[in-house]
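Note sheet for the following structure.
The values are calculated or read from the model by the stated rules, or taken from the named source; none is laboratory data. Just so you know, these numbers come straight off a predicted model, no measurement behind them. We place every Cβ from the backbone using ideal geometry, glycine too, and count neighbours over all the protein chains shown.
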Amino acid sequence: MKPLRIAVFGAGLIGRRHIDTILACPEDAELVGIADPLIGADKYPQVRAPFFKSHTELLDKAKPDAVVIATPNSLHGPQGIDCARRGIHVIIEKPVTESLETAAALLKEVRRAGVKTLTGHHRRYAAPIRAAKQMLSDGRIGRLVGVSVLWATRKPDAYFDVAWRKAPGGGPVLINLIHEIDLMRHLAGEMSSITGTASNAVRGFAVEDTSGAVITFANQAVGTILCTDTGLSPWTIEQGTAENPAFAYTGENSYRFIGTEGALELPTLKLWTARDPKQIGWDKPLAATPIRVADTDPYVEQLRHFRRVIQDGEAPVVSAEDGARTLAATLAVVESGKSGRPVELAPLFEKLIA
Ligand SMILES: NC(=O)c1ccc[n+]([C@@H]2O[C@H](COP(=O)([O-])OP(=O)(O)OC[C@H]3O[C@@H](n4cnc5c(N)ncnc54)[C@H](O)[C@@H]3O)[C@@H](O)[C@H]2O)c1
């Protein structure tokens, strides 16, 4: 198979990661252009591909097979539609769009054009997550009863020098919680309803700094999550792995899946089972088994998977529609906090494909 001819929109923080990933995988992808109105070739001496100020100029001149959209959230929808209308496949960074209305408009164009999509929930490709998915579906902890997730860290004060991070949409719900909701959907199954709450009490910005939710899954498992960017703790998935150098490593687990026959902690993968499988009960000793998996780069895995989705017809691990369901569930946390009522997700999922 030939490498994908791929372009990147947005050469900022995460765009750089995608650009470096593409350059590191010449058998899978060839970088054919970068569009960013503010960032040019001087910031990327390693790149030979042309830079464009406008994404449409890039599409018309470089004619890529596929694009990674790594621009601000509100551009994901319109830029994704511009790609779909030209028959160009897309990886769209999370959140897939900034609202359910724009997600529905994007999905309509994607279906009409028949282009392939991924949403950039890169953690689904991480080795411990893939191993956990396998262990849960193999029934290693029995029937899933529930899952408890923490994402709690204190972002440095300078992080909030940028105005949009203090405004609605710029807070930990759409930036951080969305990743956890996505992983919970991926590992525990589809969600059916969410009761949430959100608070801005500590920082006092217009956007939330803390949120929490109780989740009912379609398989009747129950989940809880606490997400805050104003509390100091060792419990975020980033701190538990070394995936993001911006986070100080703690090696602590922040996910606990509980089943009838045992429990599984993530991201370091610790399996708890009865020491004697014939004797299960709170008075019987447990055994903890650490599970080791070889490290891989989830961005490389995501890019390779994208090539196989386009060229070999592999089913997408997380399509734009799947990403839109994650968005719907994430926004439901804040919505429920405002209304004080649970949000049923099925009607929202239906609207996405209406
Ligand atoms: N998967 C992840 O873990 C992850 C991590 C960080 C960011 N993100 C997502 O990636 C997106 C970008 O975030 P970031 O932190 O890299 O932001 P950023 O501000 O660092 O980069 C965005 C870039 O887009 C450029 N841009 C603005 N308008 C443009 C246009 N019309 N066409 C092309 N480029 C344009 C900006 O000049 C900037 O360089 C956001 O949606 C964010 O949620 C995902």
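If you check Glu101, Glu93, Glu109 for being more than 13 Å from the ligand (Cβ to nearest atom), charged (D, E, K, R), within 20 Å of the chain's Cα centre (by Cα) and not assigned by TED's automatic domain parsing to the domain that holds Glu243, only one passes: Glu101. Annotation: of all residues in the stretch 311-354 being more than 15 Å from Ile215 (Cβ to Cβ) and among the basic types (Lys, Arg), the one that is farthest from the chain's Cα centre (by Cα) is Lys338. When Asp42, Asp65, Asp60, Asp36 are checked against the criterion of being more than 10 Å from the ligand (Cβ to nearest atom), of a type outside the set (Gly, Ala, Ser), surrounded by 13 or more Cβ atoms within 10 Å (Cβ to Cβ) and not assigned by TED's automatic domain parsing to the domain that holds Ala163, a single residue qualifies: Asp65.
Restricted to the stretch 112-137, and to residues that are of a type outside the set (A, V, I, L, M, F, W, C), outside any strand (DSSP E or B) and within 14 Å of the ligand (Cβ to nearest atom), which residue is nearest to Ala221 (Cα to Cα)? Of everything passing the filter in the stretch 112-137, Arg124 is nearest to Ala221 (Cα to Cα).
When each of Lys166, Lys155 is tested for being within 16 Å of the ligand (Cβ to nearest atom), basic (Lys, Arg) and touching a strand residue (DSSP E or B) at 6+ places or on another chain (Cβ under 9 Å), the lone residue that passes is Lys155. Ile178: of a type in the set (Val, Ile, Thr) and out of contact with any Lys or Arg (no Cβ under 7 Å at 6 or more places or on another chain), yes or no? Taking the combined requirement at face value, the residue does not satisfy it.
Yes or no, residue by residue, for (1) of a type in the set (Gly, Ala, Ser); (2) surrounded by fewer than 17 Cβ atoms within 10 Å (Cβ to Cβ); (3) in contact with a Gly (Cβ under 8 Å, 6 or more places away or on another chain):
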| residue | (1), (2), (3) |
| --- | --- |
| Thr71 | no, no, yes |
| Leu106 | no, no, yes |
| Val110 | no, no, yes |
| Thr119 | no, no, yes |
| Arg124 | no, no, no |
| Ile141 | no, no, yes |
| Pro156 | no, yes, no |
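Suppose the filter is under 30 Å from Lys338 (Cβ atoms), surrounded by fewer than 15 Cβ atoms within 10 Å (Cβ to Cβ) and out of contact with any His (no Cβ under 6 Å at 6 or more places or on another chain); does Asn244 pass it? Here the answer is no, as Asn244 does not meet what is asked. Residues considered: Thr273, Thr228, Thr260, Thr268. Of these, the only one that is crowded, with 21+ Cβ neighbours inside 10 Å, of a type outside the set (A, V, I, L, M) and farther than 21 Å from Ile92 by Cα is Thr228. Would you call Phe9 buried (at least 24 other Cβ atoms within 10 Å of the Cβ) and near the ligand (Cβ under 9 Å from one of its atoms)? The answer is yes for Phe9.
In the condition set (1) over 17 Å from Met191 (Cα atoms); (2) surrounded by 13 or more Cβ atoms within 10 Å (Cβ to Cβ), Ala288 is compliant with all but (2).
Does the stretch 87-95 contain at least one residue that is buried (at least 16 other Cβ atoms within 10 Å of the Cβ) and at pLDDT below 95? Checked against the condition, which is being buried (at least 16 other Cβ atoms within 10 Å of the Cβ) and at pLDDT below 95, the stretch 87-95 yields no hits at all.
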